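Working notes for the structure below.
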Amino acid sequence: MDHARVAKDVLTYVGGAENINAAAHCATRLRLVLADMDKVDQAALDKDPDLKGTFLAGGMFQIIVGPGDVDIVFSEMIKTGKVKEVSKDEAKQEAAQSGNVVSRFIKMIADIFVPILPALIAGGLMMALHNVLSAEGLFGDEPLVKRWAWLADYDALINMVSSAAFAFLPILVGFSATKRFGGNVYLGAAMGAAMVSTSLLSAYNMADSVATSNFWLYQGIGTKCSLTDGACIADLVAAGKIPAADAWNLFGVHVDKIGYQAMVIPVLCVAWLLSVIEKWLHKRLSGTTDFLLTPLITILVTGFLTFVVVGPVTRELSIWITDGINWGYNTLGIVGGFLFGLVYSPIVVTGLHQSFPAVEIPLLPQNGGVGDFIFPIASVANVAQGAVALAVFFKTKDAKMKGLAGAGGASAVFGITEPAIFGVNLRLRWPFFIGMGVAALGAGLVAAFDVRGAALGAAGFVGFVSIITDDIPAYLMIEALVFVVAFVAALVYGSTRGAASLAGDEVVTDEQEKAMEAAAVAAHEVVEAVELPAEAANDFTVTAPIAGRAIALSEVADPTFSSGILGPGLAIDPAEGPVVSPVDGEVLVAFPTAHAYGIRSASGIELLIHVGMDTVQLDGKHFTARVKAGDKVRRGQPLVDVDWAAVKAAGFQTVTPVVVSNATAFDGLSDQHTGDVQRGDAFYSVAPAAATATT
């Protein structure tokens with residue numbers, strides 16, 4: 001291959017170096033973050049005999065060059081001086097930063113919530129079933145669970161299981177968000193669990209008026225009288241009739257022990273904060289110190305900041321939102337209803353709608369109020385989001401999107417919108433905005449007809465059982481109108497300007513990316529054979545297969561390696577990049593889990609490269625093999641791509657021994673190099689046996 005010519009042509013066909021915002025490469029591909037995809041001549045690149053295909057994934061234009069050539073072509077491109085060189089992970093971050101702030105935020109939300117959608121969808125549908133079974137007045141004077149007593153226990157079980165994903169949402173979000181931000185997912189889940197600990201006053205038990213009022217009293221929203229005996233919460237606390245919220249005194253700071261059940265913004269902030277702290281510590285600690293102290297310090301610091309800073313700030317945000325909504329609706333009338341309906345779904349995205357019961361409970365007739373205006377507006381917003389998701393279900397041909405849209409849409413019209421919003425509407429953007437607009441119109445009608453709720457319930461079609469009796473006809477009319485308008489509007493837009501987005505999932509996984517590469521290579525029908533040079537038979541040098549810090553085997557934690565049982569050699573504490581072949585030779589063994597390789601050099605040296613300690617337990621996760629047993633490999637050719645950060649996050653050491661397994665056939669090692677090394681640097685030499693040396 002004429003690497004300089006290929007590099008020049010690539011630059012020409014992608015629109016010039018000035019069209020490249022950032023460039024990186026992996027074992028086989030150039031990864032380019034481009035300013036303008038319209039400038040790319042993809043057909044010309046696909047026709048180049050030295051290139052094996054192209055595809056767009058993860059916001060990066062990727063050009064398959066092939067192992068052993070891609071790094072040289074990349075170097076030739078960088079020589080122009082106009083191409084910004086970054087690492088593979090930095091390229092992903094650069095791609096994620098492309099587009100406007102709203103697009104980047106939506107992509108981040110999708111990355112976090114897509115993995116946990118099955119739990120939310122299952123919970124939402126079961127909640128809808130519970131609402132139908134237990135709704136008063138839906139099937140006559142008595143709910144089904146009272147009409148048929150044998151249903152009561154089944155309903156109780158359904159209700160308990162369905163609420164789990166939402167009650168403990170911070171644990172799920174903590175795990176997923178920490179993964180998105182590059183931290184240890186188990187530390188993220190642990191912090192999520194701490195935020196919903198039973199030691200804290202629950203923010204989720206909003207069905208109990210006493211518990212709810214007590215909770216919001218300590219959120220700082222006044223001392224409203226909301227109990228049937230007319231006594232104020234503050235009086236009952238003072239009299240010792242209900243418990244006061246416990247508090248900590250942390251270095252002179254008063255911190256209420258309040259939980260974050262079903263909340264999103266606090267745990268997102270905590271996950272980001274945890275990831276920043278953990279990565280900062282990983283860069284400054286190493287070995288056993290890193291393994292022991294990084295999790296400890298990360299949890300200690302994050303835990304303190306969570307309850308001292310993040311909690312109070314998000315709590316104040318909740319107070320401002322609820323007070324603002326109450327003032328706006330009562331002051332602005334129809335306009336206030338329109339504006340509240342417009343912003344209700346975005347508020348659901350943040351999780352701050354969990355603060356609304358503090359405003360709703362005093363408005364209920366049994367508490368002396370004129371009726372709850374928030375419940376009917378929440379209902380029209382939920383139905384609007386469900387309707388647009390169902391429109392996507394009918395328009396998309398992508399099986400995965402169709403499944404999410406159908407289940408999420410059905411859940412939303414019964415009151416649980418998170419699956420529809422996070423799984424479909426936000427990811428496609430336009431359904432979410434259509435739902436917002438129609439919800440605003442519906443909320444304006446709610447204000448115009450002064451529709452009010454008599455109780456808290458399921459904010460969807462079946463919510464009519466919670467509406468003041470005289471307002472039920474208007475409520476049902478508005479709900480039906482909102483559903484039809486939202487569904488038709490989304491159907492029309494999805495058939496025109498939104499059609500392209502219905503092709504499928506915008507979130508490209510590593511597995512999908514590999515499949516794209518395989519498809520591109522297969523389409524190009526290029527097969528390369530590796531030939532070993534004749535001089536390799538007399539080459540007894542072993543070069544560093546990884547960039548990092550070379551150490552003696554005695555420093556390896558596993559006694560099997562440190563004692564030399566498997567043979568002499570060195571190990572590397574890796575910094576980044578793939579594991580490459582340290583010799584010209586043949587792959588004897590490539591474990592199915594991709595964590596270990598046996599290679600025989602052309603000169604007869606048999607090497608064992610064991611990537612990390614006990615990493616066989618990962619069962620291939622975070623490893624992408626580039627070779628198989630029987631392959632001929634050149635020095636520097638990638639053997640396996642490793643997500644080093646993910647392996648560490650999973651709790652495994654990444655130190656990688658490189659040992660000579662047939663050392664008895666040679667006369668020992670020499671020229672051993674420890675300290676910082678780059679791939680291809682001198683590592684050690686194997687002295688040939690006397691008989692071999694004299695032939």
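Read the figures in this text as sums done on the coordinates, not as results from a lab. Treat the numbers as computed from the prediction; the structure is a model and nothing was measured. FYI the Cβ positions are ideal-geometry reconstructions off the backbone, even for glycines, and counts take in every protein chain you see.
Odds and ends about this structure:
- The modelled label-to-label distance between residue 80 and residue 313, using points 7 Å beyond Cα along the C-beta direction, is 4.2 nm.
- Inter-label distance for residue 304 and residue 477, nm, one decimal - labels placed 7 Å from Cα along Cα-to-Cβ: 6.1 nm
- Over region 534-694, the hull volume per residue, using the convex hull of the C-alpha atoms, is 97 Å³.
- Dipole magnitude (debye, nearest 20) for region 528-666, charges at Cβ of Lys, Arg, Asp, Glu: 80 debye
- Among 469, 615, a tally of other beta-carbon atoms within 10 Å of each Cβ gives an order, fewest to most, of 469, 615.
- Built amide H within the under 5 Å cut-off of residue 667, gap 5+: 687, 689
- Segment residue 495-residue 129, length gained on full extension (0.36 nm per residue, minus Cα span): 128.5 nm
- Integer Hz, Karplus 6.51/-1.76/1.60 couplings in order for region 177-183, x for Gly and Pro: 5, 5, 4, 5, 8, x, x
- Whole-Hz ³J(HN,Hα) from phi, Karplus 6.51 cos²θ - 1.76 cosθ + 1.60, for region 673-682, glycine and proline x: 10, 10, x, 5, 9, 10, 4, x, 5, 4
- Spatial offset of region 372-449 relative to region 266-339 amounts to 27 Å, using the alpha carbon center of each.
- Amide proton proximity set for residue 182, modelled H, under 5 Å, gap of 5+: none
- Summary of the geometry: region 20-66 and region 153-205, compared by the centres of their Cα atoms, lie 41 Å apart.
- 5 angstrom amide H check on residue 681, placed H, neighbours 5+ away: 544
- The 3J(HN,Hα) values that the Karplus relation (6.51, -1.76, 1.60; θ = phi - 60°) gives for region 399-407 are, in residue order, 4, 5, 5, 5, x, 5, 5, x, 5 Hz. Gly and Pro appear as x.
- Counting beta carbons within 10 Å around each of 395, 8 and listing the fewest first gives the order 8, 395.
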